[in-house]
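Reviewing the structure listed below.
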Amino acid sequence: MQQLLNLLQDPAVRGWIDQQQQPAPTPPLTGPPTTSSEMTASRMMAARTASLREHLASLAAAAPRLPGEFRSAADRLIAELRGRRPVAVLILVLGFVALGAGTEWLFRRATARPQQRVVDLPMETVPERVRTIGLRLAFGLSEVAIFGLGSIGAFLAFDWPPLLHQVVLVYLIAAVVLRLALVLGRFLLAPDGGGAQDTERFRVVPLSTDAARFWYRRLALFVGWFAFGRATLDVLSALGFSPEARELVAYTLGLGLLAIALNVVWTRPRAGDAPPIAIEHSAGHRVTPWLLSLCLVLLWGFWVVGFMRLFWLLAVALLLPPAIKVARMASHHVSRPASGSEAPSTPGLMAVFLDRGLRALLIAGAALLLAHTLQIDLVEMTGSDTLLTRLLRGALSSVVILLVADLIWQVVKSLIDRRLSRAEALSPPGTEAAVRQARLRTLLPIFRNVIFVVLAVVAVMMALSALGVEIGPLIAGAGIVGVAVGFGSQTLVKDVFSGVFYLLDDAFRVGEYITSGSYKGTVESFGLRSVKLRHHRGPLFTVPYGVLGAVQNMSRDWVIDKLTVGVSYDSDFDKAKKIIKQIGKDLAEDPEFAPHIIEPLKMQGVEQFGDYGIQIRLKMMTKPGEQFVIRRRALGMIKKAFDENGIRFAIPTVQVAGHEDAGPVAAHQALKLVKPPLPE
């Protein structure tokens with residue numbers, strides 16, 4: 001009551017009371033008429049401006065009274081301590097904190113062996129890594145619980161005066177919160193890279209040791225300042241500080257948080273964990289710290305003037321994207337493959353579940369925080385049926401639907417991509433595994449695209465339905481539009497359906513060489529309406545399915561390669577047949593060609609009688625695509641063997657008889673055979 005009377009005697013308060021008792025001036029009737037919405041907006045703006053002025057005036061009036069309130073609080077605390085100095089409270093708090101630290105030390109000594117076994121556990125595979133990290137987190141939380149039991153539990157075991165009990169308890173709770181932040185920071189960042197307990201392999205967030213130490217210290221400083229600052233405000237409230245004085249102290253302590261945040265913005269390690277510097281050389285890095293600093297100052301300003309909705313909106317906009325990025329980095333780092341194995345091109349299921357699960361939790365938490373800040377009662381909103389509540393329910397349902405659809409798509413995409421990466425491993429050509437892998441490389445990309453389209457359409461339809469949009473007419477309209485498009489684009493429909501039946505018939509696969517009309521090449525990929533063929537000389541053809549027609553697949557099962565060799569009329573055919581048969585055996589026994597030869601090279605017989613020799617036909621059966629290399633080797637071996645055994649190849653010859661100038665005539669005739677005369 002005495003404080004209330006003193007407050008009423010304050011000149012600033014009395015002036016404000018007199019101002020409130022005066023009737024508001026009547027606005028003039030001149031000017032254009034205003035609508036009800038304009039009047040409502042003007043009243044809201046005037047009320048907000050008046051509230052802001054009143055708030056700032058109360059803070060200005062509380063500043064001169066702040067030393068007196070501190071003296072009154074100190075007198076009350078001394079009276080509670082029965083004549084002892086207030087430093088006794090600090091000694092009492094430090095004593096129980098030391099007791100909690102000692103209890104935690106005893107617990108750590110008692111569990112030294114189990115913790116050392118956890119440190120020695122292997123972390124090569126993902127399950128081993130998750131188990132080890134989980135055990136470290138469990139031991140860390142146990143240490144926090146023991147610290148809280150040794151400090152707060154021991155304090156509560158005794159009877160204390162009410163005010164002293166409240167003052168010491170809030171500071172002990174702040175100490176426990178700081179200890180929890182230290183444990184979580186050590187769990188996520190493992191800042192002591194060379195320590196026995198915090199080696200880099202336990203680091204959840206992939207950072208360098210210097211960057212981990214920087215963020216660990218700044219986060220600990222920020223949490224400690226916030227926790228003990230909040231405890232101080234609770235103590236001031238218990239000691240009888242006025243609300244305006246407490247707000248003034250809170251805003252002053254908030255400047256400390258702002259200073260820590262600005263220090264982080266300007267000295268944080270940059271991309272690539274480079275040493276922290278104040279000013280970067282690139283223009284983007286020079287602008288970013290200034291923008292972040294401006295946003296942090298705006299946050300503090302919104303808090304001071306009481307614009308809490310803008311404060312939380314800006315805070316969520318600043319913190320949510322980096323939190324999602326850190327969660328993705330941590331999930332991918334924890335689910336990384338073993339150090340000796342090759343890193344996959346696609347994340348595993350563990351990384352997908354961790355990434356999308358953490359992102360969904362962060363987004364849901366941000367949405368609930370904003371709902372609480374904007375004073376939206378979600379329970380009451382489910383029972384009301386106004387336009388605003390329907391829109392809010394629809395928006396929340398849409399967010400949930402899109403998050404679930406994204407999770408399903410990422411899981412399916414990860415499974416298909418990992419299966420495709422395994423299918424890209426080379427298998428012996430012609431085996432069942434190679435055929436199955438080619439089939440998978442052909443169908444899985446199309447299956448993935450179909451699933452994406454189906455999920456996207458279903459998710460969008462469900463989101464629109466949640467927002468209150470009637471999707472029945474949309475589906476009917478889509479059907480009508482589909483029929484119209486089908487009639488208007490028959491070529492497109494023909495291409496799509498032709499591609500479906502080509503795939504059902506297994507006419508060709510990725511990696512096979514096909515020929516269709518004037519197009520030929522290796523199948524590289526499939527689309528919805530076309531296939532891409534890579535010619536052996538480099539050009540890439542994009543051929544619609546409707547244009548392919550009959551397809552000649554030159555990469556299935558086996559290939560028969562036939563060769564024609566010309567020998568002179570006086571050659572020994574039996575000897576030539578034996579030589580060719582031996583060459584076929586040698587090729588079949590060659591380790592380089594044996595896996596690709598199905599039937600060895602052999603001589604079929606005389607093909608025809610030519611003008612200058614006899615044409616003999618050779619044949620062999622190989623795997624598709626391997627006949628070219630084997631043919632070159634076989635021809636080289638035939639040339640060498642025929643020369644060694646006196647078998648001459650057929651060459652153009654001219655015989656001239658009964659003429660004195662037989663030599664020049666024969667030369668002239670041979671020259672015409674080798675080089676025809678130029679046209680006149």
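The values are calculated or read from the model by the stated rules, or taken from the named source; none is laboratory data. Note that this is a predicted model, so its numbers are computed, not measured. Reconstructed Cβ throughout: ideal geometry from the backbone, glycine too, with neighbour counts over all protein chains shown. Heavy atoms of the whole protein, side chains included, go into the accessibility calculation; ligands, DNA and RNA do not. Shrake-Rupley method; radii C 1.70, N 1.55, O 1.52, S 1.80 Å.
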*Hey, any hits in region 185-199 for a residue that's surrounded by fewer than 15 Cβ atoms within 10 Å (Cβ to Cβ) and closer than 18 Å to R109 by Cα?*
yes
*Residue match in region 371-379 (condition: open to solvent by less than 50 Å² (accessible area, probe 1.4 Å) and modelled with pLDDT of 75 or more)*: yes
*Only one of (1) at pLDDT below 70; (2) open to solvent by 40 Å² or more (accessible area, probe 1.4 Å); (3) within 29 Å of the chain's Cα centre (by Cα); (4) polar (S, T, N, Q) fails for T346. Which number is that?*
(2)
*Qualifying position, being part of a helix (DSSP H, G or I), modelled with pLDDT of 90 or more and not charged (D, E, K, R), among A212, A227*: A227
*Would you please name the residue that is surrounded by the fewest Cβ atoms within 10 Å (Cβ to Cβ), looking only at residues in region 603-641 that are among the β-branched types (V, I, T) and closer than 24 Å to G511 by Cα?*
V629
*Quickly run through region 225-269 and pick out the residues that are among the small types (G, A, S) and within 28 Å of L163 (Cα to Cα).*
A227, G229, A231, S237, A238, G240, S242, A245, A250, G254, G256
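Of the residues I173, I78, only one is of a type in the set (V, I, T), surrounded by 14 or more Cβ atoms within 10 Å (Cβ to Cβ) and under 44 Å from the mean Cα position of the chain (by Cα); which?
Details: I78 fails: under 44 Å from the mean Cα position of the chain (by Cα).
That would be I173, the only listed residue that is of a type in the set (V, I, T), surrounded by 14 or more Cβ atoms within 10 Å (Cβ to Cβ) and under 44 Å from the mean Cα position of the chain (by Cα).
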*What is the one condition in (1) modelled with pLDDT of 90 or more; (2) in contact with a Lys or Arg (Cβ under 7 Å, 6 or more places away or on another chain); (3) open to solvent by 30 Å² or more (accessible area, probe 1.4 Å) that S237 does not satisfy?*
(1)
*If you go through region 57-75 one residue at a time, do you hit one that is over 19 Å from A245 (Cβ atoms), polar (S, T, N, Q) and either open to solvent by 30 Å² or more (accessible area, probe 1.4 Å) or in contact with a Pro (Cβ under 8 Å, 6 or more places away or on another chain) (or both)?*
no
_If I ask for residues that are open to solvent by 40 Å² or more (accessible area, probe 1.4 Å) and modelled with pLDDT of 90 or more, which ones from region 147-160 would you list?_
L149
_With the structure loaded, tell me whether G256 is part of a loop (DSSP other than H, G, I, E, B) and surrounded by fewer than 17 Cβ atoms within 10 Å (Cβ to Cβ) or whether it fails that test._
no
_Quick check on region 623-680: of everything there that is modelled with pLDDT under 80, small (G, A, S) and in contact with a strand residue (DSSP E or B) (Cβ under 9 Å, 6 or more places away or on another chain), which residue is farthest from Y569 (Cα to Cα)?_
G625
*Give region 557-576 a look and list any residue that's under 22 Å from T622 (Cβ atoms) and surrounded by fewer than 16 Cβ atoms within 10 Å (Cβ to Cβ), or say none.*
D557, W558, I560, K562, T564
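Charged (D, E, K, R), surrounded by 14 or more Cβ atoms within 10 Å (Cβ to Cβ), at pLDDT 80 or above and touching an Asp or Glu at 6+ places or on another chain (Cβ under 7 Å): is that true of R328 in this structure? If you could, list the steps in order and put the result at the bottom.
Values: charged (D, E, K, R): yes; surrounded by 14 or more Cβ atoms within 10 Å (Cβ to Cβ): yes; at pLDDT 80 or above: yes; touching an Asp or Glu at 6+ places or on another chain (Cβ under 7 Å): yes.
Spelling it out, R328 is indeed charged (D, E, K, R), surrounded by 14 or more Cβ atoms within 10 Å (Cβ to Cβ), at pLDDT 80 or above and touching an Asp or Glu at 6+ places or on another chain (Cβ under 7 Å).
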_Flag for L219 being modelled with pLDDT under 90 and not aromatic (F, W, Y)_ = no
*asked:* Is it the case, given these coordinates, that G102 is more than 30 Å from F241 (Cβ to Cβ), at pLDDT 85 or above, part of a helix (DSSP H, G or I) and open to solvent by less than 40 Å² (accessible area, probe 1.4 Å)?
replied: yes
*In region 508-524, how many residues are under 14 Å from S555 (Cα atoms) and either of a type in the set (S, T, Y) or modelled with pLDDT under 80 (or both)?*
8
*Only residues that are in a helix (DSSP H, G or I) and over 30 Å from L188 (Cα atoms): list them for region 155-171, please.*
F155, L156, P162, L163, L164, H165, Q166, V167, V168
*Does region 586-602 contain any residue that is out of contact with any helix residue (DSSP H, G or I) (no Cβ under 8 Å at 6 or more places or on another chain), in a strand (DSSP E or B), acidic (D, E) and open to solvent by 60 Å² or more (accessible area, probe 1.4 Å)?*
yes
